[in-house]
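Comments concern the structure below.
The values are calculated or read from the model by the stated rules, or taken from the named source; none is laboratory data. If you're wondering where the values come from, they're calculated on a predicted model, not measured in any experiment. All Cβ positions, even for glycine, are placed from backbone atoms using ideal geometry, and neighbour counts span all protein chains on display. Areas reflect the complete protein model, heavy atoms only, side chains present, ligands, DNA and RNA absent. Shrake-Rupley method; radii C 1.70, N 1.55, O 1.52, S 1.80 Å.
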Amino acid sequence: MPTPTATIEDYLQAIYSLEGEGDIVISARLARRMRVTPPTAWATVRRMVRDGLVALDEKKIIGLTPKGHELAEDITRRHRLAERFLVDVMGLGWAEAHEEAHIFEHAITPRLEARIMSMAGNPQTCPHGSPIPGTGATLAKDLVPLSSLKVGEEATVEFISEELEEDTDLLVYLERNEMKPGSHVRVLDATPSTGVVSVERNGHQVPLGVAVAERIRVRRVGGLT
């Protein structure tokens, strides 16, 4: 099979990330993730089926084949490592690093990858907490969505879904308010009817949409206060 195009690599990475976060991958969800129309996503999926990269079950749930999984791990590793390098070594912000990594990842050779890994200090996760394939790191099973916490509960942010990374303005907002792995937060308000979850971070209130809070995973560090 010829080397996958950048578009196919992006789809492989999206499917790999969705599966890694425990989501069922269907064409409509993939279209939202890729920010394309459902017919466009479906046409690309059909090409990937033809090339033996993904398979469809009787419910049209999309799954990576062994060949697709291997390629997906490769491009995902390069992307997450590129983000880590661009943030930690080059000093770029989250949003800038995510955009540049999408360009950079397609040109990283194995030799360059090894050098970047060394210069970045052999990281195990990207800046948003996603495990870098090949390092042995995994997404911890005891993490819960920030949206599941009650008022007064405290937690440590551990993971920002890659789905949120596609919103540049949101990435800037999260980074500016230090909603990043390792940050300690306390829930101030979690009223479902308002559609907003408010947390305290370093004495500042940070409002988040429920849909955003659902895609941020945390580890509880204390009971109700």
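Here are the numbers for this structure:
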quantity	calculated
Integer Hz, Karplus 6.51/-1.76/1.60 couplings in order for region 192-206, x for Gly and Pro	x, 5, 7, x, 10, 10, 10, 10, 9, 9, 6, x, 10, 7, 10
Karplus-derived 3J(HN,Hα), 6.51/-1.76/1.60, for each residue of region 153-160, Hz, glycine and proline x	6, 10, 7, 10, 5, 10, 7, 10
Stokes-Einstein D (µm²/s) once Rh is taken as the Kirkwood radius of region 102-216 over alpha-carbon pairs, at 4 °C in 1.567 mPa s	83
Kirkwood Rh in Å, taken over all unlike Cα pairs in the chain	18.5
Region 48-140, dipole about Cα centre (Lys/Arg Cβ +1, Asp/Glu Cβ -1), debye to the nearest 20	200
Cα point-scatterer Debye curve for region 1-75, base-10 log of I(q)/I(0) at q = 0.12, 0.17, 0.26 Å⁻¹	-0.26, -0.54, -1.40
Estimated vicinal HN-Hα couplings, Hz - region 171-187 in sequence order (Karplus 6.51, -1.76, 1.60; Gly, Pro = x)	4, 4, 5, 5, 5, 4, 8, 6, 8, 9, x, x, 7, 9, 9, 10, 6
Crossing angle, helix 94-104 versus the chain [Cα axis fit, 0-90 degrees, rounded to tens]	10
Degrees between helix 38-50 axis and first principal axis of the chain (Cα, 0 to 90, nearest 10)	50
Val196 versus Val89: modelled label distance in nm, points set 7 Å from Cα along the beta carbon direction	4.1
Spin-label pair Leu139/Asp167, simplified geometry with 7 Å Cα→Cβ offset, distance in nm	1.7
Label-point gap, in nm, between Thr109 and His204 - each point 7 angstrom along Cα→Cβ	4.3
Of all accessible heavy-atom area on region 166-225, the percent that carbon and sulfur account for (1.4 Å)	49
Angle in degrees between helix 6-20 and the longest Cα principal axis of the chain, rounded to the nearest 10	50
Relative packing of peptides 148-159, 73-84, 187-198 - highest average C-beta neighbours within 10 Å first	73-84, 148-159, 187-198
Sequence-distant residues sharing a close amide H with Val218 (under 5 Å, placed H)	Val144, Leu146, Glu158
Student exercise, the chain dipole from Lys, Arg, Asp, Glu Cβ charges, in Debye to nearest 20	380
Accessible area per residue in Å² at 1.4 Å probe, computed on region 1-47	50
